[in-house]
Amino acid sequence: MLIATKPRSSGNYLYIRPTMIGTQAQLGVQEPKTALMYIIITFMPVMDTPAGGMRLHTSPEDMVHAWVGGFGYAKLGANYGPSLKCIEAGASNFFVLWKRKDGRKELIVAPLDDKLIMDAVTRRSCLELARERLGDNIVITEHKYSIDGVIEADSEGRILEAFAAGTAFFICAVSQIHHHGKDINIPMGPENEPGEVTKKIKSRLFDVMYSKTQHEWGVVIPEKE
């Protein structure tokens, strides 16, 4: 959950995270008999504008991020890591804008049906805003795809831009993926700024979060002095 603060500079916000941990004395693969529930409130700095865009690494062949029947859909510490499948970028979801082989532009992100990733609020917001604002010109797709598909699209010059979307990094352009010793360089906008689609989705969601535009998602609570 995100709540926009009254920041000195736009881009800061409070991150509110309900948390539960087992508190019994021993460790084991079982449900804990005692637990502690608490809420973390953290002031988040601006993290979505790294110079030259975000650079990602895929996982080694002997590691896996999540698996069917596992808990990739839940908010657990074990889920924070890279993957060979194009599902998440560490602690955020990974979106690619490319040209399909039929020439149409497509914004693609991994689906939720196999419960490998969470139904995250930033992911959902990006999809809804993309369909609302860009659906006439771009196919918005939730579909399985792999790093091999990204490599093929890169070799054919079909990748247009990419971004990661999540709580900490908000919406951050991705400029490179390092995979097994090789770099996949992803186009950025002029002067290494986010690409056109990334910028449109990010600016729209930013305006909603900070009440710069009226939207059903934005609820303003007056602050008492």
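The figures follow:
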| read-out | value |
| --- | --- |
| Within straight-line cross-link reach of K115, lysines at Cα separation under 22 Å, skipping those fewer than 8 residues along the same chain | K75, K85, K144 |
| Cα gyration tensor shape for the stretch 108-167, rounded if a/c is under 1.5, else prolate or oblate | oblate |
| Gained length - I16 relative to V68, 0.36 nm times residue gap less alpha-carbon distance | 15.9 nm |
| Between the stretch 162-219 and the stretch 113-132, the Cα center-to-center distance that results, in Å | 14 Å |
| FRET E, pair S155, E196, Förster distance 25 Å, beta-carbon r, rounded to 0.05 | 0.65 |
| Helical contribution to [θ] at 222 nm, DSSP H n ≥ 4, -39,500 (n - 2.57), averaged over the chain, rounded to 500 | -5000 deg cm²/dmol |
| Packing-based exposure ordering (other Cβ within 10 Å, fewest first) of L129, L36, L97 | L36, L129, L97 |
| Above-threshold pairs, the threshold being 27 Å between Cα atoms, out of K99/K202; K99/K182; K202/K224 | K202/K224 |
| DSSP beta bridge pairing in the stretch 88-146, given as percent antiparallel to the nearest 5 | 60 percent |
| Sequence ranges 130-139, 46-55, ranked by mean other-Cβ count within 10 angstrom, highest first | 46-55, 130-139 |
| In nm, spacing of pseudo-spin labels at R104 and I40 (7 Å Cα→C-beta vector) | 4.1 nm |
| Virtual spin-label span in nm between V121 and M47, 7 Å along Cα→Cβ | 1.6 nm |
| Within-13-Å neighbourhood charge of R104 [Cβ basis; K, R +1; D, E -1] | +2 |
| Per-peptide average of other Cβ atoms within 10 Å, ordering 17-24, 156-163, 115-122 highest first | 156-163, 115-122, 17-24 |
| Globularity ratio of the stretch 170-225, using Cα Rg and 2.2 N^0.38 Å | 1.65 |
| Relative contact order %, the chain, counting alpha carbon pairs below 8 Å whose residues are six or more apart | 19 percent |
| Å³ per residue enclosed by the Cα convex hull of the stretch 161-200 | 73 Å³ |
| log₁₀ of I(q)/I(0) at q = 0.18 Å⁻¹ - the stretch 47-209, Debye sum with one point per alpha carbon | -1.17 |
| Within the stretch 171-191: backbone nitrogen closer than 17 Å to the K212 label point (7 Å, Cα to C-beta) | 171-173 |
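Values quoted throughout were computed directly from the atomic coordinates according to the rules given, and no laboratory measurement underlies them. Owing to the predicted nature of the structure, the values given are computational and were not obtained by experimental measurement. We place every Cβ from the backbone using ideal geometry, glycine too, and count neighbours over all the protein chains shown.
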